[in-house]
Amino acid sequence: MTEHAAEPGRIRGWFSRTLASGTWQQKLRLWSGLVMFAFCLSHFTNHALGIISVKAMDRGSLWHYEVWGSPFAVGVLATAACLHVGLALWRTAQRHTLAMPTWEFTQLVLGLYIPWTLIPHVLATLGLKNVFNIIPTYPQMLTLLWPNGAVMQSVLLLVVWSHSMIGLHFWLRIYPLYRRLLPYLATFAIVFPLLALWGWIEGARRQAQNTGYRLKVTDEHFTWIEAMTADIRAIVFGLVILSLAVVAIRLVAHRMRRKITVQYPGEVKVRALPGASLLEISRMNGIPHTAVCGGRARCSTCRVRILGSEEPLPDANSAEGAVLRRIGADETIRLACQIRPTTNLCIQPLVPVKASGPAAAGPTDAYYWGVEQPVVVMFVDLRNFTAITERHLSYDVVFLLNRYLDTVSSAIRGAGGHVDKFIGDGVMAIFGMDRPIGDAARQALMACETIGGALDELNADRGPQFTEPLRLGIGLHAGPAILGRIGAAGADSPAAPITALGDVVNTASRLEAENKQLQTTLTASQEVLDAAGIHLPDATPAEILLRGKSVPLKIYAIKELKHLTAAISIHPTPQMRSGEHGADELHT
């Protein structure tokens, strides 16, 4: 089985999670934006054909209008545009402050610029087609735009593309799959609009040399376009001014109405108008507050602990509730971007903000904020090492320990794992940071066999002073974990070590310790074997009840590590034979 066999299923699951999260307004805005982005992708691809010839552009437009020219497609596109603009204005009108991160401000300004230039362009294409039955061919449009409209049209293309890329990036940046594909997607985001610009300008330049072409658009049509443009711009920008006026009125009312007090750590107190979100209250008072997703309830980085409230807070909406359930938050944890307090509060932000350093410039590394994904965690520990240190010279002990740690870490890295940390004579490792969970489980099991073989070689030449052979215990468990750069070093460098947090880590450590009681070398959970898609007939099944759990964990204890790799090929499960990763369920 290969990684590619399970990738479509993982991608489908990823899309189902990302497209279905948020409030209904956020979902509508996202879906409407994706519809318009699909149209732009098709349209700009058509532009790029101008690099070849105007005829190629015109032929490509036949396919483009085959997809987007039907009454149904036009209706969907028009509905998406109205929804997207309307919801953007609605969200703007809901603001209680215009203080926002630079990327949000940039996206807002670009979004307001687009209608100004796009309205006459739409009227010159779809408007003339529907009202005057003038088909918007490429020769016609290129003649209309070249040379007087060349600069404005080029700027419009870049603005639309930039607005789309900002929205897509800050929607997807918290997801591991996007992080893995980011170098390729960034290259595409830069190269594609350049090809579209090159194509339409080259096509317009060639069309200008065709002196025999006669434009069908008359002065009457131009007059109609100008009149309709003025009317529609008046409506759209009237709504823009109205939404900004609502914000301005709120700012004025802010000084007149009764205010609430929000207390932050360090006895910092601010006064705010009821109705603003906690995130807005922080921003309007200059208090740094982390919000990776921009206040859209797609992450939990703005979460706060409610230390005190004069009155009960409003219940969490569906988007906030979904995030809080996902992170297992108790009733005192809320998302600052969603809760709008109407009473005095005392809060504690739970995700600190760097005041300086690389992290302050922007969350460019997803591990800085934390990435949640299924992984396999391994704990390796030497047996009776304390007794060895007491009976032998310090130099001999350190030399042997370094050889052992080098041996184990080399085996882990060679199998595709990541050495998280060394804990005395123990090693913690993570598998699956950049691989599907099924591959990660098989890599971890193969690493166990390699570690066992390397330990035999180390015992063979350990020296006569060490009379007892080295023995070890290994624990393996699979499940969702939070991967992040923890501590000051993690905040300062994208190359800092990544560690895993979560129940999967504690369980793997407990399974390693279970080897002492079972007199075995490896203890792996049922989740690991299911993920790997194998059956180990020589393993001894057992059940243990972990502290704080009500359901026993099924485990498999193994004494010999010599045949694990062979078991992966000899005992495939139905999931392996059908090309599915059984542990994909862990991700959902």
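Things to note:
- Residue within segment 476-484 that is surrounded by fewer than 16 Cβ atoms within 10 Å (Cβ to Cβ) and either modelled with pLDDT of 85 or more or under 18 Å from Leu382 (Cα atoms) (or both) present: no
- First in segment 405-423 and in a helix (DSSP H, G or I), second anywhere and hydroxyl-bearing (Ser, Thr, Tyr), Cβ under 7 Å, 6 or more apart: Ala411/Thr450; Gly414/Thr450
- Among the conditions (1) within 29 Å of Phe37 (Cβ to Cβ); (2) in contact with a strand residue (DSSP E or B) (Cβ under 8 Å, 6 or more places away or on another chain); (3) not hydroxyl-bearing (Ser, Thr, Tyr), Asp231 misses just one, which is (2).
- Candidate set: segment 52-89, residues that are among the β-branched types (Val, Ile, Thr) and either surrounded by 15 or more Cβ atoms within 10 Å (Cβ to Cβ) or more than 30 Å from Cys293 (Cβ to Cβ) (or both); chosen: the one modelled with the lowest pLDDT: Val85
- The combined condition, being within 27 Å of Ile241 (Cβ to Cβ), assigned to a helix (DSSP H, G or I), at pLDDT below 80 and under 31 Å from the mean Cα position of the chain (by Cα), is fulfilled by Thr92.
- Any hit, segment 326-333, residues being part of a helix (DSSP H, G or I) and of a type in the set (A, V, I, L, M, F, W, C): no
- Residues that are without any contact (Cβ under 8 Å) to a residue 60 or more places away in the chain, part of a loop (DSSP other than H, G, I, E, B) and out of contact with any strand residue (DSSP E or B) (no Cβ under 7 Å at 6 or more places or on another chain) are absent from segment 275-284 altogether.
Residue-by-condition table, conditions (1) crowded, with 17+ Cβ neighbours inside 10 Å; (2) in contact with a Phe, Trp or Tyr (Cβ under 8 Å, 6 or more places away or on another chain); (3) closer than 30 Å to Thr301 by Cα:
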{"site": "Gly111", "(1), (2), (3)": "yes, no, yes"}
{"site": "Asn130", "(1), (2), (3)": "no, no, no"}
{"site": "Gln153", "(1), (2), (3)": "yes, yes, no"}
{"site": "Leu158", "(1), (2), (3)": "no, no, no"}
{"site": "Ser162", "(1), (2), (3)": "no, no, yes"}
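- Being touching a residue at least 60 places away in the same chain (Cβ under 8 Å), not in a helix (DSSP H, G or I) and not hydroxyl-bearing (Ser, Thr, Tyr) holds for only one residue in Pro136, Pro147, and it is Pro147.
- Taking the numbered list (1) modelled with pLDDT under 50; (2) surrounded by 19 or more Cβ atoms within 10 Å (Cβ to Cβ) in turn, Thr364 passes all entries but (2).
- Residue among Leu185, Leu242, Leu278 that is hydrophobic (A, V, I, L, M, F, W, C), closer than 30 Å to Gly127 by Cα and either in the same structural domain as His43 (by TED's automatic domain parsing) or surrounded by 16 or more Cβ atoms within 10 Å (Cβ to Cβ) (or both): Leu242
- Residue in segment 520-536 that is at pLDDT 85 or above, surrounded by fewer than 18 Cβ atoms within 10 Å (Cβ to Cβ) and assigned by TED's automatic domain parsing to the domain that holds Glu560 present: yes
- Filtered residue count, segment 217-248, keeping only those that are in contact with a Phe, Trp or Tyr (Cβ under 8 Å, 6 or more places away or on another chain) and hydroxyl-bearing (Ser, Thr, Tyr): 1
- Residue check: Phe192 meets all listed conditions (1) modelled with pLDDT under 90; (2) under 24 Å from the mean Cα position of the chain (by Cα) but one, namely (1).
- Residue in segment 153-160 that is at pLDDT below 80, outside any loop (DSSP other than H, G, I, E, B), under 20 Å from Val35 (Cα atoms) and not small (Gly, Ala, Ser) present: no
- Members of segment 285-309 found to be outside any loop (DSSP other than H, G, I, E, B), of a type in the set (A, V, I, L, M) and surrounded by fewer than 17 Cβ atoms within 10 Å (Cβ to Cβ), listed by number: Leu307
- Exactly one residue among Trp224, Trp200 is under 34 Å from the mean Cα position of the chain (by Cα) and surrounded by 16 or more Cβ atoms within 10 Å (Cβ to Cβ), and that residue is Trp200.
- Any chance Phe39 is in a helix (DSSP H, G or I) and in contact with a Phe, Trp or Tyr (Cβ under 8 Å, 6 or more places away or on another chain): yes
- Selection status of Ile114, within 23 Å of Ala48 (Cβ to Cβ), in a helix (DSSP H, G or I) and modelled with pLDDT under 90: yes
The values are calculated or read from the model by the stated rules, or taken from the named source; none is laboratory data. On a predicted model such as this, the values are computed, not experimentally measured, just so you know. Positions of Cβ are backbone-derived with ideal geometry, glycine not excepted, and every protein chain shown enters the neighbour counts.
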